[in-house]
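Here the structure comes first, spelled out in structure tokens, and everything after it is commentary.
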Amino acid sequence: MTFSTLAMSIAESPTLRLNEQARLLRERGEAVIHLGIGEPKNRAPIPAILSASAKLSTGDIKYVPTDGLPSLKKAIIRYTEENYDRLVAPENVIVSAGAKQSIFNIFYSILNPQDEVIILAPYWVSYPEIVKMCYGIPVIVRPEDGTFHPRFEDIERVVTSSTKAIILNSPNNPSGIIFSDDFVAQIVDFCERKGIYIISDDIYHKLVFDGKRPTPAWKFTNKDIENTKVIVVNGVAKTYGMTGFRIGWAIAPRKLVEIMTNVQSQVTTCVAPFLQVAAEGALLGLQSVVEQLRLTIQNNRDVIMNELSTFTGVKCVKPEGTFYCLPDFRAYNADSVALSNFLLQRAYVVTVPGKEFGMEGHLRLSYSGSVKDVTEGIARIKWALDPNSPNEIYIGDKKMVRDWL
Ligand code: PMP
């Protein structure tokens, strides 16, 4: 049996793998705490559910236009005007099955084999794999040790004649930091002069804390939508906690949207219409649900920072958005895969190894669950690692005694 070398080189999504491991442990009756998962616990907004059920109950669920239902595109245009202060045309918008597919479509439509894409570490695990799937080469730029802010000079240094794009994600998964305005402005100015695409993955732009907001990359160009190199990606997954609805979108020059539409038409035909109307319901419904979610997550961020601050040796940069943080666990184990496995096996806590995000020695912890999950999860990690913590703990109804420190 032979397979595609390229396909075989694509790594399994570590977060999806961990979900599966957690599910299996739970099935065995273990009291697993999931600090790995990147989705809020809220229920989908009521207007989203009502729109989807109304559409489903018509029984008329057929193919719809590849680039998205005109009514959803209209809602996205309104969202874009309100949140980005840019008026775009329906021809600039393409709806896909999640922001992940939007990013795939973009890379598939702009890259030629061996083109390079600059990815800033720590990065979302899927970026390098998607670039590779589109025959491109991921070029990773790392920040100085102890910070999550890459330096512009380090980006400039890796640019070659093959550099096609850079991807910016602010607030950032996995670190939770927001890039400074100066940094984004420098990148946009530099890339537009060089003809390099700037893909702005804004999926977390509403989940921000303490009054901070990332300035959209578009603000730093005075080029119109047809001429700018800035492409915006967004979706309903994180803002409304609608991860399972699989609705994301890209906003780009018409020509690129046309190519992406052709690509999508040959892969998935269109996005399920009842899911599209759900997204429309969320976008047009009461936006207080977003603020409620934001406040819950901000409170969880405060709780996790508080818990981590009592953890000897663990350093954590305070997240400004998202529902992740990326503490440095090198004082305990510099091998994040081994550490994450150890915590799952001994303490039944799911974490994601920093190595997967290009940041070895760290663990990504998600605080998108409940306060109880966060406090209990960190208490278990402390118990498993910190010799100063009591050596007995209850996990579910089992008393566990630490005998390895
Ligand atoms: N970009 C980033 C940075 C993400 O973290 C995620 C989801 N984890 C996505 C894109 C994909 O979002 P969606 O669920 O809409 O495909």
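The values are calculated or read from the model by the stated rules, or taken from the named source; none is laboratory data. Only a predicted model underlies this, so the values are computations on that prediction, with no experimental measurement involved. Glycine also receives a Cβ, built like all others from the backbone with ideal geometry; neighbour counts cover every protein chain displayed.
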Check: Can you tell which of ILE247, ILE251 is within 15 Å of the ligand (Cβ to nearest atom), touching a Leu at 6+ places or on another chain (Cβ under 7 Å) and β-branched (Val, Ile, Thr)?
Finding: ILE247
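Considering only segment 38-78, state which residues are more than 21 Å from LYS238 (Cβ to Cβ) and part of a loop (DSSP other than H, G, I, E, B).
The initial filter retains those residues of segment 38-78 that are more than 21 Å from LYS238 (Cβ to Cβ), namely 50, 53-67, 69-71, 74.
Scanning segment 38-78 gives GLY59, ASP60, ILE61, LYS62, TYR63, VAL64, PRO65, THR66, ASP67, LEU69.
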Check: Name the residues in segment 251-291 that are under 18 Å from ALA54 (Cα atoms), of a type outside the set (A, V, I, L, M, F, W, C) and not in a helix (DSSP H, G or I), would you?
Finding: GLY285
Check: Has segment 82-100 got any residue that is of a type outside the set (S, T, N, Q), part of a helix (DSSP H, G or I), within 16 Å of the ligand (Cβ to nearest atom) and surrounded by 19 or more Cβ atoms within 10 Å (Cβ to Cβ)?
Finding: yes
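Pick from segment 327-364 the residues that are aliphatic (A, V, I, L, M) and touching a Phe, Trp or Tyr at 6+ places or on another chain (Cβ under 7 Å): which of them is surrounded by the most Cβ atoms within 10 Å (Cβ to Cβ)?
Per the criteria, the residue is LEU363.
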Note to self: If I filter segment 41-49 for residues that are over 17 Å from the mean Cα position of the chain (by Cα) and over 23 Å from ARG246 (Cα atoms), do I get at least one hit?
What the structure shows: no
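Considering ILE177, ILE198, ILE140, ILE203, which residue is closer than 18 Å to THR228 by Cβ, within 16 Å of the ligand (Cβ to nearest atom) and not in a helix (DSSP H, G or I)? Lay out the reasoning, then the answer.
Details: ILE177 fails: closer than 18 Å to THR228 by Cβ; ILE140 fails: closer than 18 Å to THR228 by Cβ; ILE203 fails: closer than 18 Å to THR228 by Cβ.
Checking each option against the conditions leaves just ILE198.
Within 15 Å of the ligand (Cβ to nearest atom), touching a residue at least 60 places away in the same chain (Cβ under 8 Å) and buried (at least 23 other Cβ atoms within 10 Å of the Cβ): which single residue out of LEU120, LEU72 fits that description?
On the way: LEU120 fails: touching a residue at least 60 places away in the same chain (Cβ under 8 Å).
When all the criteria are applied, what remains is LEU72.
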Check: Counting only residues that are at pLDDT below 90 and in a loop (DSSP other than H, G, I, E, B), which one in segment 1-23 is nearest to CYS134 (Cα to Cα)?
Finding: ALA11
Check: Of the conditions (1) in a helix (DSSP H, G or I); (2) away from the ligand (no atom under 15 Å from the Cβ); (3) buried (at least 22 other Cβ atoms within 10 Å of the Cβ); (4) under 21 Å from the mean Cα position of the chain (by Cα), VAL131 fails just one. Which one is it?
Finding: (2)
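Determine whether segment 191-208 contains at least one residue that is among the hydrophobic types (A, V, I, L, M, F, W, C), within 17 Å of THR221 (Cα to Cα), crowded, with 23+ Cβ neighbours inside 10 Å and touching a Ser or Thr at 6+ places or on another chain (Cβ under 6 Å). Lay out the reasoning, then the answer.
Of the residues in segment 191-208, the ones among the hydrophobic types (A, V, I, L, M, F, W, C) are 191, 196, 198-199, 203, 207-208.
Add one more test, that the residue is within 17 Å of THR221 (Cα to Cα), and what stays is 191, 196, 198-199.
Now restrict to residues that are crowded, with 23+ Cβ neighbours inside 10 Å: 191, 198-199.
So of that shortlist, the ones also touching a Ser or Thr at 6+ places or on another chain (Cβ under 6 Å) come out as none.
No, every residue in segment 191-208 fails to be among the hydrophobic types (A, V, I, L, M, F, W, C), within 17 Å of THR221 (Cα to Cα), crowded, with 23+ Cβ neighbours inside 10 Å and touching a Ser or Thr at 6+ places or on another chain (Cβ under 6 Å).
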Check: Can you find even one residue in segment 356-365 that is in contact (Cβ under 8 Å) with a residue 12 or more places away in the chain, touching an Asp or Glu at 6+ places or on another chain (Cβ under 7 Å) and assigned to a strand (DSSP E or B)?
Finding: yes
